[in-house]
Protein chains: 2
Amino acid sequence: MDSNSLYIGVDIGGTNLRVALVDDNGKVIKKLKRPSAEDILSELESAIDEIVTEGVKGIGLGIAGVINRNTYKIERSPNLHQVEGKDFIGSISKKFSVPVRIDNDANVAALGERWVGAGRRFKNFVLLTLGTGIGGGVVYGGKLLKVAAELGHITVEAEGSNCLCGNKGCLESYTSGRAIVSQVVESLEKGVDSILKECCEGNIYKITPEDVYNYALEGDTLAREALKTAGRYLGIGIASLVNIFSPEAVIIGGGLIGAWNILVEEGIKEARKRAFPELIMDVEILPAELGDNAGVVGAAYMIKQELEGL
Amino acid sequence: MDSNSLYIGVDIGGTNLRVALVDDNGKVIKKLKRPSAEDILSELESAIDEIVTEGVKGIGLGIAGVINRNTYKIERSPNLHQVEGKDFIGSISKKFSVPVRIDNDANVAALGERWVGAGRRFKNFVLLTLGTGIGGGVVYGGKLLKVAAELGHITVEAEGSNCLCGNKGCLESYTSGRAIVSQVVESLEKGVDSILKECCEGNIYKITPEDVYNYALEGDTLAREALKTAGRYLGIGIASLVNIFSPEAVIIGGGLIGAWNILVEEGIKEARKRAFPELIMDVEILPAELGDNAGVVGAAYMIKQELEGL
């Protein structure tokens, strides 16, 4: 079946703005990616301008932050302050005269995976994106659950490390790029022996999660332990989410899935030990498929679903 | 508006079987309550027999345990082994020739509160029932979210106390009647000074959560601390649930709400410190209203919604 409907999907995450033209089958026809400017709204408008074409039925926006379910403004975005308080829907729908919808970036990424990614086969799944922080989205009955789904901010240690969100012991303070690097740097500062101290020309403050993974592959104990600790907490989080949502699948995306064989494997083992056995038994735990496109494709699907009354 | 539709709601919790005739407005017309027998299916059939009348359109069952979303059999019920593996829907629909639906008892209790209880005003809320254990249910867009919602089994202490479910550090191992009593008994065994040791004619193994509350009201430090600790963990759990579900309300039911002014108040304080401020700001945290009737009324509403295609 061929169709002429086109959609624009926007994904504004921590550091990048992505705008794509997406067809009715979830295919990305054209995509722009640029660093998020300070004047994010003007930048977004000009990016959409470059990509908009005849046949565009609507625009979907996925933006990092907590979105008010009544006003649709972004109430807080710790990694992207310039979006806070902005009326994206008002501005964009006025300028482009098509329907516009907004949701959190990780939420729409879940929707993208549902449409044409790792979630295709599942009507009920949980998506966790492991990057600098943790994002989450929940698909229920084939549709996005319109809730905050701040899945990185469930407490896994009552009196644990301080989290950027203001709470203590959040999953994100243990399982995220930031957490892994902190753990490694703290250990190196304490003088723990590790070849990681030679990383980055000896400047341990430049270590990235990818460095940790590479050193782990070379057998460095500190690096391996850091990834396994993150993985163990990931498993604790997955177990809680399985006990809550009884999903068919847990899909894991974000940069950290590069460390799947150490970090995520540890998490899967831990989750299977902890969740209700009859709930986790048939749960598939698998990597996201859309990578950098998950957000734009999902944002496009959000507006498509809305317009088609799906 | 008057209507002749009637429904039967069944609630089989840990120790009791409740069967009620419920009218179209959520009013309980007649109700039976008896201890759960070993042959639970025969007992249920005879109880329904006593209460069934002309005009009954369907039967809703709320049963403690993990329900398989495909077969609708109860896969596991730690406090009610006799329901495990039973085909309630098959047996009951055959005997009474009306549609029958089944869900977890805490899930249907949430639905009852939604219909005619503390959840009337809210389309999105989380229910926690604090009893011997913890039950949970989530209402989303006015309807029950059909997920396990085992909200007592989210991990709040990664390496915490062993939970009956097999996991460690579950919310239920800190905030439940069983947990409060354990904490008090352990302290008394260690020789902590408290007037609670005079409770129950000196047999500390007979202490109930209600005793703990009564001694707390008399100013006993151990009793107060036990309730406050349970409350603090309750708050940690509520914060995680608010960050996940961004509900309008959190409704708290079950026997422990008798200790609202100590236990739940502490929980509310803790939750407001921990959850995303913009998410918890407008969340109402309030007691359930239907008490012992929540399950039967909710089970009746479940079948009513189903038949009316709501």
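Only one residue in B:L256, B:L307, B:L279 is in contact with a strand residue (DSSP E or B) (Cβ under 9 Å, 6 or more places away or on another chain) and closer than 30 Å to A:I67 by Cβ. Which one? Step by step, each of B:L256, B:L307, B:L279 is checked, and only B:L279 is in contact with a strand residue (DSSP E or B) (Cβ under 9 Å, 6 or more places away or on another chain) and closer than 30 Å to A:I67 by Cβ. Among the residues making up the range A:240-261, those that are in a helix (DSSP H, G or I) and under 23 Å from B:K146 (Cα atoms) are A:S240, A:L241, A:V242, A:N243, A:I244, A:F245. The number of residues in the range A:222-234 that are of a type outside the set (S, T, Y), in contact with a Gly (Cβ under 9 Å, 6 or more places away or on another chain) and either facing chain B (nearest Cβ under 10 Å) or surrounded by fewer than 24 Cβ atoms within 10 Å (Cβ to Cβ) (or both) comes to 1. Does any residue of the range B:35-52 turn out to be among the β-branched types (V, I, T) and surrounded by fewer than 16 Cβ atoms within 10 Å (Cβ to Cβ)? No, that holds for no residue. Taken as a whole, the structure leaves B:G166 outside the set of residues that are in a helix (DSSP H, G or I) and of a type in the set (G, A, S).
Can you find a residue in the range B:209-229 that is under 25 Å from A:K146 (Cα atoms), in contact (Cβ under 8 Å) with a residue 40 or more places away in the chain and assigned by TED's automatic domain parsing to the domain that holds B:L144? No - not one qualifying residue is present in the range B:209-229. Taking the condition of a type in the set (V, I, T), free of Cβ contacts under 8 Å to residues at least 60 places away in the same chain and outside the structural domain of A:V147 (by TED's automatic domain parsing), does A:I63 pass? Against the criterion (of a type in the set (V, I, T), free of Cβ contacts under 8 Å to residues at least 60 places away in the same chain and outside the structural domain of A:V147 (by TED's automatic domain parsing)), A:I63 qualifies. Residue check: B:E270 meets all listed conditions (1) within 20 Å of the chain's Cα centre (by Cα); (2) modelled with pLDDT of 95 or more; (3) surrounded by fewer than 24 Cβ atoms within 10 Å (Cβ to Cβ); (4) more than 14 Å from B:A249 (Cβ to Cβ) but one, namely (1).
Of the residues making up the range B:137-147, those that are modelled with pLDDT under 95 and either under 30 Å from B:E210 (Cβ atoms) or more than 9 Å from every other protein chain (Cβ to nearest Cβ) (or both) are B:G142, B:K143, B:L144. Only one of the numbered conditions (1) touching a helix residue (DSSP H, G or I) at 6+ places or on another chain (Cβ under 8 Å); (2) of a type outside the set (K, R); (3) in contact (Cβ under 8 Å) with a residue 40 or more places away in the chain is not met by A:H153, and that is (3).
Taken over the range A:262-310, the residue count meeting the criterion of being closer than 30 Å to A:K57 by Cα and assigned to a helix (DSSP H, G or I) is 18.
Here A:S176 meets the list (1) without any contact (Cβ under 8 Å) to a residue 24 or more places away in the chain; (2) closer than 29 Å to B:A275 by Cβ; (3) among the hydroxyl-bearing types (S, T, Y) almost entirely, failing just condition (1). Would you call A:L151 within 16 Å of the chain's Cα centre (by Cα) and over 20 Å from A:G14 (Cβ atoms)? So A:L151 fails the test. Scanning the range B:150-183 for residues that are within 11 Å of chain A (Cβ to nearest Cβ), touching a Phe, Trp or Tyr at 6+ places or on another chain (Cβ under 9 Å) and crowded, with 24+ Cβ neighbours inside 10 Å yields B:E150, B:H153, B:V156, B:L171, B:Y174.
When B:G119, B:G112 are checked against the criterion of being small (G, A, S), outside any loop (DSSP other than H, G, I, E, B) and either within 14 Å of chain A (Cβ to nearest Cβ) or farther than 24 Å from B:C170 by Cβ (or both), B:G112 stands alone in meeting it. Check the range A:206-214 and report whether any residue there is over 29 Å from the mean Cα position of the chain (by Cα) and in a helix (DSSP H, G or I). Checking the range A:206-214: not a single residue is over 29 Å from the mean Cα position of the chain (by Cα) and in a helix (DSSP H, G or I). Give me the residue from the range B:80-97 that is within 14 Å of chain A (Cβ to nearest Cβ) and surrounded by 14 or more Cβ atoms within 10 Å (Cβ to Cβ) and, out of that set, nearest to B:N25 (Cα to Cα). Taking the candidates together, the pick is B:V83.
The values are calculated or read from the model by the stated rules, or taken from the named source; none is laboratory data. This is a predicted model, so every value here is computed, not measured. Cβ atoms come from the backbone with ideal geometry, glycine included; neighbour counts cover every protein chain shown.
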